[in-house]
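> Let me begin by handing over the structure; questions about it come next.
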Amino acid sequence: MENMSSPETEPPAGPDEVLPAVAPQLRALRRRAALTLEAAARTAGLSPAHLSRLETGQRQPSLPVLLSLARIYGTTVSELLGETVAERDAVVRAADMEPTVAGGWTYWQAGASARGMQALRVRVPHGSQGDIVRVHPGEEWLYVLAGRLRLRLGDTTHRLGPGDSAHFDSLTPHRIAAQDADGVELLFVHTLLQSPTATLCLGPLIGDMP
């Protein structure tokens, strides 16, 4: 029989593994969400006893459990971890948008970090091996600034030109590619639940897009 991992089998927190802020934050944020221990545990797929051990520091939560609890409590993983974020400016200046290249794509951070949404300006060259291939909770919105985009949502392929936009549930398998040799430039916004230390995930192209 295949050995499947489970949130209930997380190891006890050892002396070098304890994150002191986690246990009280879990309890405080559950109460802020007006959820009983039993209701929160049931929604997260945990036993009340296991969630109680997480809240008292007897167990160390895994990342999947933190993501699940963050969604249930209407917060972020960074808040669950007790991380504090420095005061952020509401305005991002063009001169401060440093380009980053990953998988052939070039993108510029167009919004503040550690927010509930991530905003990017993205340049996708034709034939790039950095096409996004993702399925994850949340929503995505994109707007074509220049060039033509080929967007695959599930089994359907859409072709978008300048001024066109798309807004979709990101649990739908999706891929993005430039239609023409000149590439495509986009504004891209997606929701996320992550620690500020996490980075944008650009996955490799899997298979061909018609």
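Every read-out reported here was derived from the displayed coordinates using simple, explicitly stated rules and does not represent laboratory data. All figures in this text were calculated on a predicted structure; none of them were measured in a lab. Note that we place each Cβ from the backbone using ideal geometry, even for glycine, and neighbour counts take in every protein chain shown.
> Suppose each label sits 7 Å from its Cα in the direction of the beta carbon; what would the Arg71-Thr36 distance come out to in nanometres?
2.4 nm
> Assuming R0 = 30 Å, what is the FRET efficiency of His126 and Leu171, from their Cβ-Cβ distance, to the nearest 0.05? Walk me through the intermediate numbers first.
Details: r = 28 Å, r/R0 = 0.93.
Working from the Cβ atoms, E equals 0.60.
> Applying 1/(1 + (r/R0)^6) with R0 = 25 Å to the Cβ-Cβ distance of Val91 and Trp141, what FRET efficiency is obtained, to the nearest 0.05?
Numbers: r = 20 Å, r/R0 = 0.81.
My answer for the efficiency is 0.80.
> Based on alpha-carbon atoms only, what is the radius of gyration of the range 94-191 relative to the globular estimate 2.2 N^0.38 Å?
On the way: Rg = 12.8 Å, N = 98, 2.2 N^0.38 = 12.6 Å.
Relative to the rule-of-thumb radius for its length, the range 94-191 sits at 1.01.
> Dipole of the range 94-191 (Lys/Arg Cβ +1, Asp/Glu Cβ -1, origin at the Cα centre): which of Thr172, Val189, Gly111 lies farthest to the positive side?
The one lying farthest along the dipole's positive direction is Thr172.
> Let me ask something else about it. Grab the Cα-Cα distance for Val101 and Leu63, subtract it from 0.36 nm times how many residues apart they are, and report the gain in nm with one decimal.
Values: separation 38, 0.36 × 38 = 13.68 nm, distance 2.69 nm.
Between Val101 and Leu63, full extension yields 11.0 nm more.
> Tally Lys/Arg at +1 and Asp/Glu at -1 over every other residue whose Cβ is under 14 Å from the Cβ of Thr36; what's the total? It would help to have the intermediate numbers written out before the result.
Working: positive: Arg27, Arg30, Arg31, Arg32, Arg42; negative: Glu38, Glu55.
For residues surrounding Thr36, the net value is +3.
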